[in-house]
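Below: one structure, written as structure tokens.
The values are calculated or read from the model by the stated rules, or taken from the named source; none is laboratory data. In this text the structure is predicted, and so the values were computed from the model without any measurement. We place every Cβ from the backbone using ideal geometry, glycine too, and count neighbours over all the protein chains shown. Keep in mind that these areas ignore ligands, DNA and RNA; they rest on the heavy atoms of the full protein, side chains included. Shrake-Rupley method; radii C 1.70, N 1.55, O 1.52, S 1.80 Å.
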Amino acid sequence: MAHGKICYLEIPASDVQASAEFYAQVFGWKIRRRSGGATAFDDATGQVSGSFVPARSPSGAPGLLVYIMVDDVNAAVAAVVVAGAAIVQPVGIDAPELTARFRDPGCNVIGLYQEPPPR
């Protein structure tokens, strides 16, 4: 346990099942059911967990903006679109950073980030 590490996220979701399926399909998150019935997740690294929260308003306009690290931002953008989400900021706007933003099934704006190649 590292002091100051982000460890847990609550993601607003109007349709918990749709949001869970989206994050599992696009990012490989592991979806699980808590003993109380809530739908929870663990990210692909197993380092961050959280839950989908149906009774909370989505984060549709970036205030606090969470970015998901991806191997290839262009491939991630394509996967997001195939899974039914909308791209709200294409790759290139934050150049030279390799980022994009999408609106997930719960209407939250989430970022994608690719580590730049070594120079």
Under 5 Å from the placed amide H of Arg101, counting only residues 5+ away or on other chains, we find Val88, Gln89, Leu112
In degrees, nearest 10, the alpha-carbon axis of helix 16-27 is tilted away from the dominant principal axis of the alpha carbons of the chain by 40
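Among DSSP bridges having both ends in the chain, what percentage is antiparallel? Round to the nearest 5. Intermediate results must be reported in sequence, preceding the final value.
Values: 16 of 25 bridges.
Antiparallel: roughly 65 percent of the beta bridges in the chain.
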Semi-axes (Å, rounded, descending) of the ellipsoid equivalent to the chain per its C-alpha gyration tensor are 23, 17, 14
For the pair Ala55 and Arg119, the simple spin-label estimate (label points 7 Å beyond Cα toward Cβ) gives in nm 5.1
Of every Cα-Cα pair in segment 44-90, the percentage lying beyond 16 Å is 57
Placing each pseudo-label 7 Å from Cα in the direction of the beta carbon, Gln89 and Ala24 end up separated by a distance in nanometres of 3.0
When the charge dipole of segment 1-77 is computed with +1 on Lys and Arg Cβ and -1 on Asp and Glu Cβ about the Cα centre, the Cα farthest towards its positive end, among Val77, Ser35, Leu9, belongs to Ser35
With all protein chains in place and a 1.4 Å probe, Ser57 shows an accessible area in Å² (nearest 10) of 90
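Give me the percent of the accessible area of segment 80-119 that comes from carbon and sulfur atoms, probe 1.4 Å, all protein chains in place. Before the final figure, lay out each step's value.
Details: 1290 of 2170 Å².
On segment 80-119, the fraction of accessible area on carbon and sulfur atoms equals 59 percent.
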Rounded to the nearest 10 Å², the accessible area of Ile68 using a 1.4 Å probe with every protein chain kept is 20
Residue span Ile31 to Asp71: 0.36 nm per residue of separation minus Cα-Cα distance leaves a gain in nm of 12.3 nm
In nanometres, the difference between 0.36 nm per residue of separation and the alpha-carbon distance of Gln47 and Ala2 is 15.1 nm
